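Undergrad: Below: one structure in structure tokens.
The values are calculated or read from the model by the stated rules, or taken from the named source; none is laboratory data. What you see is a predicted model; the values in this text were computed from it and never measured. Cβ sites come from the backbone with ideal geometry, for glycine too, and all protein chains shown count toward neighbours. These area figures cover heavy atoms from the full protein model, side chains too; ligands, DNA and RNA do not enter into them. Shrake-Rupley method; radii C 1.70, N 1.55, O 1.52, S 1.80 Å.
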Amino acid sequence: MKTIKVDDKRFSIYLKAPEIEQAVDEIAVKINHDLEGADPLFLVVLNGAFIFASDLLKKITIPCEISFVKLSSYVGTKSTSIIRELIGLDEVVSGRTVVILEDIIDTGLTMGATIEKMKKLEAKDVRIATLLFKPNAFKMNYQINYIGIKIPNDFIVGYGLDYNGYGRNYPEIYKITDND
């Protein structure tokens with residue numbers, strides 16, 4: 001589909017499935033190389049990162065554990081700058097290498113808060129892997145270790161990303177074309 005309608009907005013195709021798959025493959029190769037012998041804990045940020053995490057973790061060949069947290073900072077197409085933890089971390093991270101998996105990093109506020117929490121819980125090493133990164137929206141000063149694709153500051157849906165809870169199920173990524 002070249003265009004879709006999600007709730008009250010229209011979106012056009014932006015990233016096709018093969019381009020997304022290539023980015024996921026490249027991240028997996030780097031993580032497998034960098035973290036050989038580290039026994040990392042992959043921490044998947046729900047809801048958005050579930051598809052990215054599923055595809056990525058099938059390509060991770062090193063021993064690892066996987067857990068989930070659910071965070072929220074968006075209402076509609078805008079970040080509220082208020083991060084709510086809806087489902088919390090259940091694993092001990094003290095002394096561990098933690099790789100936080102995120103679908104997209106734009107302002108970076110949610111990830112910044114998550115990094116600080118991991119440091120307070122005494123993680124040995126905290127790494128960030130994101131499928132998408134919006135450098136023009138980024139307001140923080142931390143390293144993102146694994147970036148799949150850098151994109152402009154457009155609102156997007158598909159491949160786990162949503163608008164008002166809808167649109168996550170598309171295998172491609174679409175950008176907004178009308179933003180009333």
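Undergrad: Of all DSSP beta bridges in the chain, what percent run antiparallel (nearest 5)?
TA: The antiparallel proportion sits near 45 percent.
Undergrad: Going by amide H atoms built from the backbone, whose H comes under 5 Å of the H on Ile66, apart from near neighbours?
TA: Under 5 Å from the amide H of Ile66 lie the amide H atoms of Phe42, each far enough along the sequence or on another chain.
Undergrad: Average the reciprocal distances over every distinct pair of alpha-carbons in the chain, invert the result, and give the Kirkwood radius in Å. Could the numbers behind the result be given before it?
TA: On the way: mean 1/r = 0.0604 Å⁻¹.
One over the average 1/r among Cα pairs gives 16.6 Å for the chain.
Undergrad: Beyond 24 Å between alpha-carbons counts as too far, so tell me which of Lys59/Lys175; Lys5/Lys139; Lys16/Lys150; Lys5/Lys58; Lys70/Lys117 fall in that bin.
TA: Numbers: Lys59/Lys175 27 Å; Lys5/Lys139 30 Å; Lys16/Lys150 15 Å; Lys5/Lys58 31 Å; Lys70/Lys117 14 Å.
Lys59/Lys175; Lys5/Lys139; Lys5/Lys58, as the Cα separations exceed 24 Å there.
Undergrad: Moving to a separate point now. Which of the trypsin sites (Lys or Arg not before Pro) found in the range 113-159 are loop residues per DSSP with 16 or fewer other Cβ atoms within 10 Å of their Cβ?
TA: Qualifying residues, ordered by number: Lys124, Lys139.
Undergrad: Here is a further query. List the chymotrypsin sites (Phe, Trp or Tyr not before Pro) in the range 87-170 that DSSP assigns to loop (not H, G, I, E or B) and whose Cβ has at most 16 other Cβ atoms within 10 Å. Which are they?
TA: On the way: sites: Phe133, Phe138, Tyr142, Tyr146, Phe155, Tyr159, Tyr163, Tyr166; in loops: Phe138, Tyr142, Phe155, Tyr159.
Loop-located and lightly packed - Tyr142.
Undergrad: Full extension from Asp7 to Lys70: what is 0.36 nm times the residue separation minus their Cα-Cα distance, to one decimal in nm? Write down the numbers at each step before the final one.
TA: Numbers: separation 63, 0.36 × 63 = 22.68 nm, distance 2.28 nm.
Extra length from Asp7 to Lys70 when fully extended: 20.4 nm.
Undergrad: Under a straight-distance cross-link criterion of Cα-Cα below 14 Å, which aspartates and glutamates are reachable from Lys9, leaving out those fewer than 8 residues away in the same chain?
TA: Asp154, Asp162, Asp178, Asp180
Undergrad: Hey, another quick one. Keeping every protein chain in place, order Glu19, Glu36 by accessible area at 1.4 Å, biggest value first, i.e. largest first.
TA: Values: Glu19 90, Glu36 130 Å².
Order by accessible area, largest first: Glu36, Glu19.
Undergrad: Which value at 222 nm does the chain reach when only helices count, each DSSP H run of 4 or more adding -39,500 (n - 2.57), with the total divided by all residues and rounded to the nearest 500 deg cm²/dmol?
TA: On the way: 3 runs with 38 residues, N = 180.
Helix-only estimate at 222 nm: -6500 deg cm²/dmol.
Undergrad: Bin by bin, in steps of 5 Å, what percent of the Cα pairs in the range 1-55 do you find, going until the bin that has the longest distance?
TA: So the P(r) values, bin by bin, are 4, 14, 18, 19, 20, 10, 6, 5, 4, 0.
Undergrad: If R₀ is 41 angstrom, what is the calculated FRET efficiency for the pair Glu122 and Ser54, using the beta carbon separation as r and rounding to 0.05?
TA: 0.90
Undergrad: Next question. With a 1.4 Å probe and every protein chain left in place, work out the accessible area per residue of the chain in Å², rounded to a whole number. Walk me through the intermediate numbers first.
TA: Values: 9200 Å² over 180 residues.
With the other protein chains kept in place, the chain gives 51 Å² per residue.
Undergrad: Given a 1.4 Å probe and heavy atoms of the protein chains only, how would you sort Leu43, Leu89, largest accessible area at the top? Walk me through the numbers before you get to the answer.
TA: On the way: Leu43 0, Leu89 35 Å².
Per-residue accessible area, sorted high to low, gives Leu89, Leu43.
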